[in-house]
Amino acid sequence: MALGAGPDQQRASLALATLVIAAAAAILVASASPYAQTFFLIVLTGLAAAGAYFLFAIGSGLARPDGAAGSTAYAERAVEALSEAVHVLRPDGTPVWANGVARRLLAGQSSAGLPGLEAALGGGTLVSQAVYRLSRAALDGAPAAVDLDVSPTSDALGSRGSVRRIRLSVSRIDGPVRGAGPLHDGPLLVWRVADITTEHESQRAKVEALNSHVADIGALPVGIMTIGADGGVHHINAAAADWLGLSADARRLVEGPDTVLRLTDLFTPDGAEILAGCQRKPGHLLDAELDLVREDGLLVPVRVLCRSGQDGRLVVAAVDLRADDVGERTSEKPGARFSRFFRSAPLGIATLGRDGRVINANPAFTRMIQGGVPGDIASLIDISAADGSKAQFAAGLARVLEGRAGVPPVDVTFADGGAGGRGSNVTRRIYMSPLSRTRGLQEAAILYVIDVTEEKALEAKFAQSQKMEAVGKLAGFVAHDFNNMLTAIIGFSDFLLQTHRPSDPAHSDIINIKSSAVRAAGLVGKLLALARQQTLLVEPIQLGEMMTDLTQLLKRSLGERIGLEVSSGRDLWYVKTDKLQLEQAIINLAVNAKDAMPDGGRLTVTTRNVTEREVQRLQHPGMQPGEYVLVEIADTGTGMPKDVLDKIFEPFFTTKAPGKGTGLGLATVYGIVKQTGGYIYPESAVGAGTTFRIYLPRYHLDERDEAVISEKLEAKKRVQQADLTGTGCVLLVEDEDVVRSFSVRALSRQGYTVLEAADGLEALELMARHQGKIDLVVSDVVMPGMDGPTMLKEMRKSNPDVKIIFVSGYPNEAFQQALGEETFAFLPKPFSLPQLAAKVKEQIGR
């Protein structure tokens, strides 16, 4: 054992060992003496005291094994040999230990510890701030370091007073810690000061050399541009910036942290699409002649060579193709001028060799036919078309390669954007012409390509509108008379049900008659919705409240095997639509979802607000920017392939077995949404379920709307709390005898006095005869002689406050426009006895 670890402690240990050996020898000599026993006891007592002292010293840390002392000495010698200064301090800055470099650095300082370290490094605000920050960081347990330029006050780090680059670092060690001095229990901070001047100068020299090389490259007449995966321009060298005529502000924006310029800002649309196509294919090498667009709008012809990286980053190298001076431009050969015209043409142009391979093509052709990446196809015959036009194109190409003229143009539809599109079919019209066989001419044919995608879409829309117009005319022709007949069937069925008990054998037959009539009425409603000729009863609606009322009905429609989850966003905006029709649209979608989940599943209905910014990000085709309320209906069913998804809104299209569906369900939903001014977008994939998103325009309430909503709520409460009987005089105007007969009986049985008229003229006579006694007018819209709107205008001349309910089975909305601001209620045909009684009760009570 040894006390301490220094030379003095080692000498003390040796003297103690010598003393013990001498004592043992004295014991052996004195063992024959008469006083041997007493002497022996005295020696044993001394040894016991020495042993107790050593045990106490080891336990308290005052003594340690010689091995530990040796290892501590090795550590101290290793730190002494370091070329950097090491200074151990307490957290309050009190010095504990320093190696030789640190002692030389601190030599001559009046204050020790941390103040002395700061002074030795030259002092100053910069050093003081760095020491303070490092101390706080180290005390929190995080090693910290900083590089500083200082002027040391000693020669320990170089010449005194010279500027040196140092790395000042500090770390924390926790006790107990023993060095050459006493034991330290608390944490200590180990400060290190390393001279990195030589290393710093070497790195700076390398950076300067690199900057010099970059400057040399930047001086070359080659434009370098780096395009990120997001299409943003991340770097433009000086040559490219000069070609583009970028201002100093624009150059600073490109060099700043935020990406401002886009790929589409630097090149023409065709050129940008070609480069974007190359960017979508990592590793592809592009060599093409394109046009840069200067900041002032002028074009700069360049030849570009670029390759896309795996991360989507595109590095573009460009060479200016412009002539050096005006003289060269004025003497430019016709072929060179034609090459420029050829390159900037808005239609695709390409020449073919006798083997059908592309010899030369302009950027527009590359974008429209070759998917934005030139050289992807070896021959145009290899084009993969989405329809049967491939064979027609191949036949026409064979004719022109043989030198035959008069080949008609071919419309080729490419699937999934295979010709420069992005996720949707595109159609190109290709004109083919042979070239005269001239000696030395490699080209055998020339192709011209134009984009007719929008034209084809307009043709499809026009054909669809004609189909819808025909269906609308049919629906309008059927609706008036058919709904009158259904009104009578449903009404008289209600009368019979009131006189037949459920136990009566005829009761079930009457129920079947009425339910069939209701189904027929629903079919007529679908036809009208399909043709968008419904007379909608639009009103401000809060979709959250509507979904609360609709949830139970949806659960009954879905059954027990399908779970339903309804989620409404907070503070939903109002929309203005026909509540019953919107509910019917949602129910139709839910029933379709149920059919797509024969083994069970989950249907989720979500409503939330959609801001204008989000609408712009969505980029739904045809959707106008604005604020909307979204109704999203998502199922976990079998999903649909893309060819089916493209046709689901077509009338009479269905994938169900014969007799299982009419093909009008989704077409009806589409008609309801579009007639409301909204948009509907489906999304589906086989095995991944289907989602329908309905966007309804936000409606801003005014004071009149709020008053109408409050009045309707009060009227609804009154009708719900009371029966349907009432008093008053009702003038019923209806040209169909059977409908008028049913309505008169229905209202009379509810306690009303009913006056009946067959047309508008007869109704005016009754109104004049019973002036002031008629409380309500119930009138058809379309009648011979004088129609309902005209009759109302005549009535309002003598009785401006007359109340009226229009009933109609005809979908013509012109009467609403003819009435202008006139106030009226509406009840669509067919209607049942309770519906008629409730409507009359509600209007008389207004």
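Between Leu603 and Gly563, Leu564, Glu565, the built amide H atoms are under 5 Å apart, and every one of these is 5 or more places off in sequence or on another chain.
Over 30 Å between Cα atoms: which of Lys456/Lys594; Lys467/Lys793; Lys514/Lys773; Lys674/Lys839; Lys579/Lys841; Lys390/Lys647 fall into that group? The pairs that break the limit, which is 30 Å between Cα atoms, are Lys456/Lys594; Lys467/Lys793; Lys514/Lys773. Put Tyr752, Tyr699, Tyr431 in order of accessible area, highest first, and with a 1.4 Å probe you get Tyr431, Tyr699, Tyr752.
Taking a point 7 angstrom from the Cα of His200 along the C-beta vector, which residues in the stretch 136-175 have backbone N less than 16 Å away? Only 145-154, 156-169 fall inside the zone, counting backbone N under 16 Å. The simple spin-label model puts a point 7 Å past each Cα toward its Cβ; for Phe495 and Glu539 those points are separated by 3.0 nm.
Put simply, when 445-453, 267-275 are sorted by average Cβ atoms within 10 angstrom per residue, most first, you get 267-275, 445-453.
Per residue, the Cα convex hull of the stretch 79-144 amounts to 92 Å³. In this calculation the C-beta distance from Tyr132 to Thr753 is compared with R0 = 60 Å, giving a FRET efficiency of 0.05.
Computed from label points 7 Å out along Cα-Cβ, the spacing between Arg262 and Glu454 is 1.7 nm. In terms of its alpha-carbon gyration tensor, the stretch 736-800 comes out oblate; a/c meets the 1.5 threshold, while b/c is at least as large as a/b.
Across Lys576, Lys773, the residue with the most accessible area heads the list, and the full order at a 1.4 Å probe is Lys773, Lys576.
The calculated FRET efficiency for the pair Ser212 and Ser83, based on their C-beta separation and a Förster distance of 45 Å, comes to about 0.90.
The values are calculated or read from the model by the stated rules, or taken from the named source; none is laboratory data. On a predicted model such as this, the values are computed, not experimentally measured, just so you know. Every residue, glycine among them, receives a Cβ derived from its backbone with ideal geometry; neighbour counts consider all protein chains shown. Ligands, DNA and RNA are excluded from the accessible area calculation, which covers all protein heavy atoms including side chains. Shrake-Rupley method; radii C 1.70, N 1.55, O 1.52, S 1.80 Å.
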